Amino acid sequence: MSTVNPRRWWALVVLAAAQFMVIMDTSIIGVALPEMQKDLGFTQGELQWVFNAYVIVFGGLLLLGGRLSDLIGARKIFVSGWAIMIAGSVLAAAAQTAWVEIAGRAVQGVGGALIAPSAMTLLMMLFMHDPKELGKAMALYGAAAPAGGTAGVFLGGVFTEWAAWQWVFIIYIPIGLATLAATKLLPNVESRRGSVDILGAVAVTAGLALAVFAVVRAPEVGWGATATILELAGAVVLLILFFVIQKSIREPLMPLNIWRVPRLGSANLAMTLLGAAWIPMWYFLNLYLQQVLGYGAFASGAALLPMTVLLMIFMTAITARLMGKFGAKPLIGVGLLVLAAGLVWLAAVPPTGTFLVDVLPASLVAALGMSLAYIPAMIAAMSGAPQEQAGLASGIVNTTYNVGSALGLAALTAVAMSQGADQLGNLPALTDGFSAAFIGAAIIAAVGGVVTLLVMKGDKAVAGAAAPAPEGEKVSA
């Protein structure tokens, strides 16, 4: 029997803070985007690359991060990830041109891809001795992700309004150094023998990046243009090559037999669609507040603070209890449908809308849906994986969420631009474009909810990973 780490709850604070910061890195730049656009010369369509450069690299390399965590040791990879994150933050803060900014964001993505799966592996090692403690730890860790995403919007507003947009990156330097100093609380894991599938990592990352690039450019060059067709075909070829590599080599980046784990496929599909709906909502709601309603950076961030509060309350105090009673499947399905309802409500925003009537209630409904679906999907995706594949399972579920986020944002940006979101200063046209994006995100969330309810296998044993089981009921890890 493994020894219980007496400092495990302090270690959880470090891991949850790391998860909070990694996910916040995808959102803290949101409110700062208009200022960055002015200073660095991004067009309205190119602006999404400040977000997607991070998410594509992050999502594409998460499998590699999980594999390295399993082979080299989670603590070593966690430390390496933070060192790279700090370097990327320095580059992004110092950028004087759009392409240097994008490069800095990509380096940050590399760091995040090492931090996220290694943190999850360390959490499983610290708490898997007790399913009840693991459930509490997963709830707190899971809540750190969407809370970090939404809190980043508020903090980005504070920095942009009262300092400069560069501070949304500078803040990672002292926090990263403090995190590195606190890693002594984390368990040290010995490395084990094995090879690293670099070719597979390159193929999957390049395939994802090329797919997003093609979707981003398609509205400008045409969906039927030769360039678009070739780029999409190239992306498909690279992704097929990735799966061929995984099937043919002895130690693949993603052993295909992991997909035999119960609910892994359906839970990851739910995470993909959740990211594809939630992240575009956050992105376009920021632009609506600033470019249509005329909010400043701080006011825009503060307008979304109620979402953070609701997410934290539900994820830490309510969702875990609901999982203990109902299991993962109904919460994921209903959560996605509630998110879809909030997005439909947001799609009705007028050019002369107000925060209290048009934004606040709809955004709270959307946040409620997110808070119901996110943790159950995460736990369902990981609950059946063996310990030696914990890093891989974590990498897969984080990959699907971030790939969904990148592809969803790229596709819905194309939709928004085609409906007028590229006409800065034309408030009715901008609103039409943003509304079209909200409708598209609602359709994605609704499809995810229906598919989850129809396809995912129900298993209350998964609930045991999130909350104490009822008296006399066996908890299955």
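Just so it is clear, none of the values below were taken in a lab; they were calculated from the coordinates. Values in this document were obtained by computation on a predicted structure and should not be read as measured data. Every residue, glycine as well, gets a Cβ built from its backbone with ideal geometry; the counts of neighbours run over all protein chains shown.
Overview of values
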| item | result |
| --- | --- |
| For region 352-436: span of alpha carbons on each principal axis (Å, largest first) | 55, 28, 13 |
| For peptides 345-356, 435-446, sequence by mean Cβ density within 10 Å, most packed first | 435-446, 345-356 |
| Selected from His129, Leu454, Leu253, residue furthest toward positive end of dipole (the chain; charges at beta carbon) | His129 |
| Helix axis angle, 198-221 relative to the chain longest principal axis, alpha carbon, degrees | 20 |
| Relative packing of 324-336, 10-22, which averages over residues the other C-beta atoms within 10 Å, highest first | 324-336, 10-22 |
| Sorted by Cβ density within 10 Å, fewest first, the residues Ser80, Ser248, Ser195 | Ser248, Ser195, Ser80 |
| Neighbour cut-off at most 16 other Cβ (10 Å), DSSP loop, trypsin sites (Lys or Arg not before Pro), region 222-288 | Arg250 |
| Folded to 0 to 90 degrees: helix 49-72 orientation relative to the chain principal axis, Cα | 10 |
| Length-normalised contact order for the chain - Cα pairs under 8 Å, 6+ apart - percent | 23 |
| For region 197-252: relative contact order, % (alpha-carbon pairs under 8 angstrom, 6 or more apart) | 47 |
| Projected-area mean, the chain, by convex hull of Cα positions, square nanometres | 20.7 |
| Listed residue (Phe78, Pro187, Met370) projecting farthest to the positive dipole end of the chain, Cβ model | Pro187 |
| Karplus 3J(HN,Hα) series, Hz, for region 367-381 with 6.51 cos²θ - 1.76 cosθ + 1.60 (x for Gly, Pro) | 5, 4, x, 4, 5, 6, 8, 5, 5, x, 5, 4, 5, 4, 6 |
| In the chain, lysine pairs closer than 24 Å at Cα, eight or more apart or cross-chain | 20 |
| Estimated [θ] at 222 nm from DSSP helical runs (n ≥ 4, -39500 (n - 2.57)) normalised by residues in the chain, nearest 500 | -24500 deg cm²/dmol |
| Within the chain: Cβ-based charge dipole about Cα centre, in debye rounded to nearest 20 (Lys, Arg +1; Asp, Glu -1) | 1420 |
| Degrees between helix 131-162 axis and first principal axis of the chain (Cα, 0 to 90, nearest 10) | 20 |
| Alpha carbon centroid spacing (whole Å) that separates region 292-311 from region 52-129 | 28 |
| Per-peptide average of other Cβ atoms within 10 Å, ordering 112-119, 312-319 highest first | 112-119, 312-319 |
| Residue (of Phe355, Ile444, Ala227) at the positive-pole extreme of the chain, dipole from beta-carbon charges | Ile444 |
